[in-house]
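The values are calculated or read from the model by the stated rules, or taken from the named source; none is laboratory data. Everything quoted here is computed from the prediction, not taken from an experiment. Neighbour counts are summed over all protein chains in view; Cβ atoms, including those assigned to glycine, are modelled from backbone coordinates with ideal geometry. Accessible surface areas use protein heavy atoms only, side chains included; no ligands, DNA or RNA. Shrake-Rupley method; radii C 1.70, N 1.55, O 1.52, S 1.80 Å.
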Amino acid sequence: MEQFFEFFNENLILIYLLIFTIVLGFEVISKVPTVLHTPLMSGANAISGVVIIGAILLIRQATPDDYLTLSLGVIAIILGMINVVGGFAVTDRMLEMFKKKK
Amino acid sequence: MGFSFIINLSYLVGAFSFVWGLRLLSSPDSARRGNIFAGIGMGVAIVATMIMPLVDAANNYAWILGGMAIGGIIGLISARRVQMTSMPQMVSIFNGLGGACAVVLAMAELNNYYAGINEMSLGAVGIALFTLFIGGIAFTGSLLAFAKLEGLVWDSTVTLPKHNIINMILLVVTLTLGIYLFLNDSLTLALVFMALSLVYGFSFVAPIGGADMPVVISLLNSFTGLSAAAAGLIYGNNLMLVGGILVGASGTILTVLMCNAMNRSLFNVLIGGFGGSAAAGKSLDGDQVAKSVNINDAAIQLFYSQSVIIVPGYGLAVAQAQKVCKEVDDLLEANGVDVKYAIHPVAGRMPGHMNVLLAEADVPYPKLLDLEEANAALKSTDVVVVVGANDVVNPSAEDDPASPIYGMPVLKVWDAKTIIVLKRSMRPGYAGIQNPLFFHEKNKMLFGDAKDSLSKLASEIKTL
């Protein structure tokens, strides 16, 4: 229990961020109309590609002869990048079609 | 000092752009700007991560740039090439890759920790294990969803007898191992844990049928978000945390909406109740005969009506009939017929699937009615044209308590004056449930491929 209190006290700002983001996320996303649910999913998908940041940090901190970590990192970067670039590009393609007509 | 201020500011900009970008998605007019906004925020954050000062870092930029180039090109090409009808597959596979990325990261961090290369607190180990688990499910689950949507595998080929019990055992074993690993360090067992999570992801999607795909895809989307957020906690990176949670929230909301649209609980969807009890429900009398209509009569009926509502379903996507559908719409509109579209929330294989197809065919979105609007409008509609939809227009949901879909909100197409169902044959829909609508006194069947029938209708209307 002592450990938990310590963790809580030390990471208070992070816990605030966590809770507020959850509330904010639900508020913002519940306003997205049904028409745009597919672009919402693919756009959200692109945002989940933010894990690529972790992959970049992993590679940058690896020693140059640690080929295991480097390879894993490169795989993660490729996967994350497909997610980010593909996700935003395909969402843009869809949303372009939703322009107001007439 | 000034430099790390710029880095922190970049992350703040990134987090803000995600929230604001999603906010702009609240209207079709601003949505495109929102997506671009979020994309730019992501770009800023990636650049900041590349240049931020790290103590004793070897950087290995060649590896990073190489990986980014490969991933970027693959992503761009697939985004350009994919057809709008295949959007559910595309979203699934991208989603799976995000999960896989989180799994690789968590495994790499754990490996370094077990090898004594870096320090990790007990909390961080727990979070890494959580990332492995949830990211693993998102990865293989999405891959199987993709394969099912592409028609590469059939539900029956990947479902074992007593599948739900096997799933339950697998889940308990995996979680138990997870708890053990939380308290004891072992690289081998961590790999086993990862493997079990991957198997569980596959096994958990296996029994879920095609009509339930919108729920599964939404749920997997939220899992990927959670795994990204968890990975953010490992790296102490606020932006990853914010981005991941937003995606998790989006996936969760969509999952709830899809479940509500079918009037079923998530648990019920996950144990695959829909397909399983399909044999139940009122069986139709063998001597009931569905009336059919020929192209000519259907064309006349549509042409001289005042209002028409088109109900699209997965069949529209399969037949790639969205553009011909719009052609018929235009021809009717030219004669003063009021044409609208009724979109059921679970029509198609992912949330909003039909809306995207119709947008591709240049149908203005104000013509698309949601479930409630459509049911109000159907009462004063002359002709309803059902194109490749089945379960969402099934009257059993209203009046047959024995039917597996009883209680699901449906489009009450029988309130309109006449109904024309475009269908290839009398076979029941994906869920395997009989549809008494086909035998309804107001209904006539127009047999044939949806695209084919619609183009024949279009040329017939032109001659009138």
Would you work out the Kirkwood radius for chain B? I mean one over the mean of 1/r across all pairs of different Cα atoms, in Å. 24.4
Label A:K99 and B:D185 with points 7 Å out from Cα along Cα→Cβ: what is the distance between them in nm? 5.9
Distance between the C-alpha centers of the stretch B:4-40 and the stretch B:145-197? Whole Å please. 36
Say R0 is 30 Å: what FRET efficiency, to the nearest 0.05, do B:I40 and B:S4 get from their beta-carbon distance? 0.90
Simple spin-label model, 7 Å along Cα-to-Cβ: B:K162 to B:W20 in nm? 5.7
Taking beta carbons within 10 Å but only from partner chains, what does the mean come to for residues B:351-358? 6
Under a crude label model (7 Å from the Cα following the beta-carbon direction), how far is B:I70 from A:L68 in nanometres? 2.0
Roughly what % antiparallel, to the nearest 5, for the DSSP beta bridges in the protein assembly as shown? 0
Convex hull over the alpha-carbon atoms of the stretch B:295-462: what's its volume per residue in Å³? 100
28 Å Cα-Cα threshold exceeded, pairs from B:K148/B:K451; B:K291/B:K340; A:K99/B:K379: A:K99/B:K379
Add -39500 (n - 2.57) for each DSSP H run of 4 or more in chain B, then divide by its residues: what number comes out at 222 nm, to the nearest 500 deg cm²/dmol? -20000 deg cm²/dmol
B:W63 accessible area, assembled protein chains, probe 1.4 Å, Å²: 90
The stretch B:303-396: trypsin sites (Lys or Arg not before Pro) in DSSP coil with no more than 15 other Cβ atoms inside 10 Å: B:K379
Per-residue average of Cβ from other chains inside 10 Å of A:17-23: 5
Under the helix-only model (-39500 (n - 2.57) for each DSSP H run of 4 or more, divided by the residues of chain A), the mean residue ellipticity at 222 nm, to 500 deg cm²/dmol, is -23000 deg cm²/dmol
Can you tell me the alpha carbon radius of gyration of the protein assembly as shown divided by the globular rule-of-thumb value 2.2 N^0.38 Å? 1.03
Contact order relative to length for the stretch B:295-462, counting C-alpha pairs under 8 Å separated by 6 or more residues, stands in percent at 29
For B:N296 and B:E398 in one chain, what is 0.36 nm times their gap in residues minus the Cα-Cα distance, to one decimal in nm? 33.4 nm
Using a/c under 1.5 as the rounded threshold, could you call the stretch B:1-150 rounded, prolate or oblate? The axes a ≥ b ≥ c are square roots of the C-alpha gyration tensor eigenvalues, and prolate needs a/b larger than b/c, oblate otherwise. oblate
Expressed as a whole number of Å, what is the distance separating the alpha-carbon centroids of the stretch B:375-412 and the stretch B:251-271? 19
May I ask you to derive the FRET efficiency for B:L54 and B:R81 from their Cβ-Cβ distance with R0 = 41 Å, giving the value to the nearest 0.05? 0.65
Along the stretch B:148-154, Karplus-curve 3J(HN,Hα) (6.51, -1.76, 1.60; θ = phi - 60°) to the nearest Hz, with x for Gly and Pro, reads 5, 5, 6, x, 7, 10, 9
For chain A, what relative contact order do you get, as a whole percent, if you take Cα pairs closer than 8 Å and at least 6 residues apart? 30
When DSSP beta bridges are limited to those with both residues in the stretch B:344-464, what percentage is antiparallel, rounded to the nearest 5? 0
Contact order relative to length for chain B, counting C-alpha pairs under 8 Å separated by 6 or more residues, stands in percent at 14
If you take the charge dipole of the protein assembly as shown about its Cα centre, with +1 on Lys and Arg Cβ and -1 on Asp and Glu Cβ, which of B:S30, B:N260, B:L437 is farthest toward its positive end? B:L437
So for the stretch A:35-102, what percent of the C-alpha to C-alpha distances run longer than 20 Å? 43
I need the P(r) histogram for the stretch B:21-103: all alpha carbon pairs, bin width 10 Å from 0 out to the longest distance, whole percents. 13, 33, 38, 13, 3
Quick one: dipole size for the stretch A:35-102, taken about the Cα centre, charges +1 on Lys/Arg Cβ and -1 on Asp/Glu Cβ, in debye to the nearest 20. 660
Distance between the C-alpha centers of the stretch A:1-47 and the stretch B:70-97? Whole Å please. 25
As an exercise, use a Förster radius of 45 Å and the Cβ-Cβ distance of B:L266 and B:H440 to find the FRET efficiency, rounded to the nearest 0.05. 0.90
